[in-house]
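**Student:** Can you read through this structure? Questions will come right after.
The values are calculated or read from the model by the stated rules, or taken from the named source; none is laboratory data. If you're wondering where the values come from, they're calculated on a predicted model, not measured in any experiment. Positions of Cβ are backbone-derived with ideal geometry, glycine not excepted, and every protein chain shown enters the neighbour counts. Remember, those area values only see protein heavy atoms, side chains included, never the ligands or the DNA or RNA. Shrake-Rupley method; radii C 1.70, N 1.55, O 1.52, S 1.80 Å.
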Amino acid sequence: MPPTRPPAATSPGKDARPRTPTPAVGSALPARRLALCACLGLGAAIAYAGGVQTLDVVEVTASATDLVGVAGAASEGTVTAQHLANRPLLRPAEVLEAVPGLVISQHSGDGKANQYYLRGFNLDHGTDFATTLLGMPINLPTHAHGQGYSDLQFLIPELVDTVRYRKGPYAADVGDFGSAGSAAIDYIRRLPQAFVELTAGSYGYRRGLVAGSPAVADGHLLAAFEWTGHDGPWAVPEDLRKLNGLLRYSDGTRSNGWSATALAYSARWNATDQVPLRAVQSGLIGRYGSLDPTDGGTTQRTSLSVEASRQDADGWLRGNAYLIDYRLQLWSNFTSCTLGCAPGPGDQFEQEDRRRIGGFNLAHTWYLNSIARGADFTLGVQSRVDDIGRVGLYTTTARQRWGSVARDSVRQGSLGLYGEATVQWLEKLRSVAGLRADRYRFDVTADTPANSGQVDAALASPKLALILGPWARTEVYLNFGHGFHSNDARGITLTTQPDFRDPAFGTPAHASTPLVRTKGSEIGVRSALLPGLHSSLALWQLDIASELVFTGDAGTTEASFPSRRRGIEWANDWTPLTGLIVDADFSVSRARYTAVDAGVPGDRIPGALEQVASVGVAWDAGGPWSGGARLRYVGPRPLIEDNTVRAPGSTLVNLRASHRIDPRTRISVDLLNAFNRKVSDIDYYYASQLRGEAAPVDDLHTHPAEPRSLRVSLRVGF
């Protein structure tokens with residue numbers, strides 16, 4: 001998890017740094033050192049944590065919303081549990097919609113990772129948005145379904161304490177997948193009281209959650225167990241079954257203490273994927289119908305992690321280590337019958353991913369008040385290894401394999417080193433300068449021997465921020481930085497087309513670039529001039545180099561053109577009364593290819609959002625009643641390069657009302673999609689072939705938003 005960037009002292013000898021540390025985002029060591037790096041890193045963190053003593057230091061914390069004098073960019077911020085408490089959620093990952101401009105959607109079953117949109121990106125399932133939980137990376141490189149796959153279905157929203165977000169490639173401690181932004185999620189360490197919560201709702205929704213944090217020895221043991229079932233409005237019931245558990249022991253505080261956490265999660269589901277619009281309009285299927293009732297998946301994730309921190313007047317040392325075991329089997333059919341259906345096997349395919357991940361993060365900050373008007377200097381090292389025992393793509397019919405496109409194993413590791421200096425040069429001027437260096441090793445053993453190989457790659461990423469002010473509790477920020485994202489290892493060593501379904505099967509293929517550079521810049525302003533109102537405005541730009549991208553659904557690479565995205569974001573958080581929080585966020589972006597090949601009809605980037613707006617109200621003054629309301633607008637967007645086909649915009653409203661019957665008992669009612677808007681969760685434009693059609697047909701493919709649904713929850717404390 002990224003550390004809170006400590007600002008320089010505001011005057012000589014005065015320490016104005018926040019005291020809310022969080023460990024750093026991870027990268028990795030060479031893959032063949034998996035056992036050594038994971039075990040040594042984990043052991044070192046445990047040994048260090050065991051020696052941490054709680055220091056008698058006064059903790060100074062900045063408000064999560066009032067970041068004037070603390071933040072390094074106008075577009076960064078922190079969301080607290082208070083902001084999330086009365087937010088109605090359809091899915092766990094919608095916690096991240098508290099990040100201004102970020103949109104969460106779904107084009108398949110609820111066991112699959114969500115679709116993410118931010119800053120003119122269709123981020124697919126997480127590429128270019130780095131997410132961590134308790135310091136552990138969520139994004140998965142060289143994933144069977146998509147690069148940077150970020151599955152947050154195991155998140156328990158009731159336990160989220162903070163979400164620290166940053167946008168753009170400006171932070172030295174954020175590496176792979178962080179070009180558009182990053183979010184570091186932390187759980188609470190101690191609950192006010194243990195509780196049991198039971199929820200029942202429309203379309204077969206049911207959920208149970210029990211959680212508590214009894215005192216054990218000198219610390220607290222946070223324990224939680226969640227069970228969820230859901231059929232949804234789909235013609236083929238989703239039959240979601242999710243089990244989720246957590247144990248977290250913590251001692252001391254985040255600044256001076258340690259914690260150890262074990263997580264376990266499993267899920268299985270049926271999926272209704274996006275379908276061609278013509279199938280619905282012709283009456284072949286209904287709005288919530290499916291063309292392949294056997295789509296779906298199963299997944300498992302278990303992890304063990306430790307975190308430790310020690311902070312005093314001279315500096316701050318923090319670190320974490322983790323081990324993760326992950327598995328996924330995913331069956332999808334996006335094109336229906338291009339291979340023929342009855343007779344013919346249909347187009348369903350299976351993607352399989354089995355891996356173990358080990359990594360650690362270590363950083364030290366020195367507080368150097370003798371330099372200028374105060375300075376901080378941070379050095380950090382980040383390490384991660386993904387030992388992917390199997391990453392496969394198979395052709396299937398009704399989940400039964402009949403062919404193999406690829407069945408590979410990959411060892412991928414990286415080592416990241418970074419330094420960052422924050423200096424208060426003048427009363428109204430401070431700077432944050434950083435440099436990050438990453439080295440990767442990709443080692444692929446493919447079932448097509450020609451596609452096996454080992455590739456090393458390295459990249460340096462400079463960063464710079466200038467902060468002017470504050471004047472009247474208002475600051476101006478100038479940011480510049482280089483970032484990157486890694487490509488799928490299988491595409492990096494690719495030499496021949498492995499997909500026997502493709503007419504180009506067996507012909508030479510072009511390999512992907514291992515590490516693709518991004519370059520961002522931003523100018524922004526943040527103000528807390530008016531009592532209770534915190535506003536930020538940012539104008540940003542992000543360039544991505546030309547590359548070849550590996551497509552997990554086909555097992556080969558596709559050309560991606562160089563691009564430029566630019567836009568403006570305006571975020572507001574207002575507390576006009578005690579217990580009342582109003583937030584309003586607006587973003588506009590423009591995404592274009594800067595060069596395209598001959599034959600490409602235009603420069604629009606398919607799926608890139610152009611306008612997003614979110615307005616919310618949350619009320620909890622400590623009385624018997626509380627609640628919240630949220631409106632989210634997503635504007636129309638291009639689906640093909642010449643902009644002749646566009647996805648329609650959508651507006652959704654979610655409502656929540658809660659009543660405390662007594663100090664231990666609360667009943668809540670959520671009304672999701674309150675106005676029953678018939679809009680899409682996601683739209684694509686590509687060719688598919690229905691049963692009886694002679695050839696594939698270009699068409700809009702859509703996955704509808706779920707209709708209005710009611711969920712009622714009863715929480716009893718003990």
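**Student:** Please list log₁₀ I(q)/I(0) at q = 0.10, 0.14 Å⁻¹ for segment 367-468, using the Debye equation with identical point scatterers on the alpha-carbon positions.
**Tutor:** -0.53, -0.71
**Student:** Here is a further query. Reported to two decimal places, what Rg/Rh ratio describes the chain when computed on Cα atoms with Rh from the Kirkwood expression?
**Tutor:** Working: Rg = 24.7 Å, Rh = 26.1 Å.
Radius of gyration relative to Kirkwood radius: 0.95.
**Student:** About the Cα centre of segment 378-455, how large is the charge dipole given +1 on each Lys and Arg Cβ and -1 on each Asp and Glu Cβ? Please answer in debye to the nearest 20.
**Tutor:** My answer is approximately 180 debye.
**Student:** Also, quick follow-up: Which residue, chosen from S250, T272, A224, occupies the Cα position most advanced towards the positive end of the dipole of segment 220-276, where the dipole is computed from +1 (Lys, Arg) and -1 (Asp, Glu) charges on Cβ about the Cα centre?
**Tutor:** S250
**Student:** Separate question: Dipole of the chain, Cα-centred, from +1 at each Lys and Arg C-beta and -1 at each Asp and Glu C-beta, to the nearest 20 debye?
**Tutor:** Rounded to the nearest 20 debye, it is 940 debye.
**Student:** Still on this structure, please answer the following. Give the carbon-plus-sulfur fraction of the accessible surface of segment 332-438 in %, rounded to a whole number; probe 1.4 Å, heavy atoms of protein chains only. Write out the running numbers ahead of the final one.
**Tutor:** On the way: 2340 of 3890 Å².
Here it works out to 60 percent.
**Student:** 222 nm [θ] for the chain, helices only, -39500 (n - 2.57) per DSSP H run of 4+, per residue, to 500?
**Tutor:** It lands at -1000 deg cm²/dmol.
**Student:** Heavy-atom accessible area per residue, segment 275-420, 1.4 Å probe: how many Å²?
**Tutor:** Using a 1.4 Å probe on heavy atoms only, each residue of segment 275-420 averages 35 Å².
**Student:** Once the piece of chain linking Y633 and A598 is laid out straight, how much longer is it, given 0.36 nm per residue of separation minus the C-alpha distance between them?
**Tutor:** Extra length available between Y633 and A598 comes to 9.1 nm.
**Student:** Separate question: Run the quick spin-label model on L339 and V716: label points 7 Å from Cα toward the beta carbon, then report their separation in nm to one decimal.
**Tutor:** 5.2
**Student:** If you take the beta carbon distance between W471 and T665 as r and set R0 to 56 Å, what does 1/(1 + (r/R0)^6) give as a FRET efficiency, to the nearest 0.05?
**Tutor:** Taking R0 as 56 Å, the efficiency between W471 and T665 is 0.70.
**Student:** About the Cα centre of segment 595-718, how large is the charge dipole given +1 on each Lys and Arg Cβ and -1 on each Asp and Glu Cβ? Please answer in debye to the nearest 20.
**Tutor:** Here the size comes out at about 1060 debye.
**Student:** Across segment 421-427, in residue order, what do the Karplus-derived ³J(HN,Hα) couplings come to in whole Hz, using 6.51 cos²θ - 1.76 cosθ + 1.60 with θ = phi - 60° and x for Gly and Pro?
**Tutor:** Ordered by residue, 3J(HN,Hα) equals 10, 10, 10, 8, 6, 10, 4 Hz.
**Student:** Same structure again: Starting from segment 461-548, pick out the chymotrypsin sites (Phe, Trp or Tyr not before Pro) whose DSSP state is loop and whose Cβ has at most 15 other Cβ atoms within 10 Å. Provide the component values of the computation, followed by the final result.
**Tutor:** Numbers: sites: W471, Y477, F480, F484, F500, F505, W540; in loops: W471, F500, F505.
Answer by residue number: W471, F500, F505.
**Student:** Quick one: accessible area per residue over segment 540-659, 1.4 Å probe, rounded to a whole number of Å²?
**Tutor:** For segment 540-659, the per-residue accessible area is 43 Å².
**Student:** Which trypsin sites (Lys or Arg not before Pro) in segment 268-311 sit in a loop by DSSP (not H, G, I, E or B) and have at most 15 other Cβ atoms within 10 Å of their own Cβ?
**Tutor:** Answer in residue order: R287.
**Student:** Whole number in Å², please: accessible area per residue of segment 114-270, 1.4 Å probe, ligands, DNA and RNA not counted.
**Tutor:** 25
**Student:** Taking H placed 1.01 Å from N in the peptide plane, check which residues at least 5 places from G257 or on another chain put their amide H under 5 Å from its amide H.
**Tutor:** For G257, the qualifying residues are S309.
**Student:** Scan around Y686 for amide H atoms under 5 Å from its own, H built in the peptide plane at 1.01 Å from N, and keep only partners 5 or more places away or cross-chain.
**Tutor:** Placed amide hydrogens put D699, H701 under 5 Å from Y686.
**Student:** Of G346, T551, M136, which is farthest along the charge dipole of the chain in the positive direction, counting Lys and Arg as +1 and Asp and Glu as -1 at C-beta?
**Tutor:** M136
**Student:** Calculate the FRET efficiency for T495 and R401 from the Cβ-Cβ distance with a Förster distance of 35 Å, rounded to the nearest 0.05.
**Tutor:** Values: r = 25 Å, r/R0 = 0.72.
Once the sixth-power term is evaluated, E becomes 0.90.
**Student:** Using modelled backbone amide H atoms (1.01 Å from N, in-plane), which distant-in-sequence or interchain residues come within less than 5 Å of Q106's amide H?
**Tutor:** Q115
**Student:** Another question, then. Hand me the trypsin sites (Lys or Arg not before Pro) from segment 595-688 located in a DSSP loop with no more than 16 other Cβ atoms within 10 Å, in residue order please.
**Tutor:** Those that pass, being in a loop and sparsely packed, are R664, R677, K678.
**Student:** Right, another one. Gain in length, Q611 to S452, computed as 0.36 nm per residue apart minus the alpha-carbon separation, to one decimal in nm?
**Tutor:** 52.9 nm
**Student:** Moving to a separate point now. For segment 116-129, what does the Karplus curve 6.51 cos²θ - 1.76 cosθ + 1.60, with θ = phi - 60°, yield as ³J(HN,Hα) per residue in whole Hz, taken in order and with x for Gly and Pro?
**Tutor:** With the stated coefficients, segment 116-129 comes to 10, 9, 6, 6, x, 9, 8, 7, 6, 9, x, 4, 6, 9 Hz.
**Student:** Next question, about the same structure. Using the Karplus curve 6.51 cos²θ - 1.76 cosθ + 1.60 with θ = phi - 60°, what ³J(HN,Hα) values do you get for each residue of segment 234-244, in whole Hz, with x for Gly and Pro?
**Tutor:** Karplus values, whole Hz, x for Gly and Pro: 6, 4, 9, x, 5, 6, 5, 10, 10, 10, 8.
**Student:** Identify, among V697, L714, N676, the residue whose Cα sits farthest towards the positive end of the charge dipole of segment 620-718, taking +1 on the Cβ of Lys and Arg and -1 on the Cβ of Asp and Glu, with the dipole about the Cα centre.
**Tutor:** Most positive-ward Cα: L714.
**Student:** Got a number for carbon plus sulfur as a percent of segment 79-234's accessible area, 1.4 Å probe?
**Tutor:** After summing per-atom areas, the C and S share lands at 57 percent.
**Student:** Under 14 Å between alpha carbons: how many lysine pairs meet that in the chain, if sequence neighbours fewer than 8 apart on the same chain are excluded?
**Tutor:** Numbers: K112/K242; K167/K463; K167/K519; K463/K519.
Taking the Cα cut-off of 14 Å, the pair count is 4.
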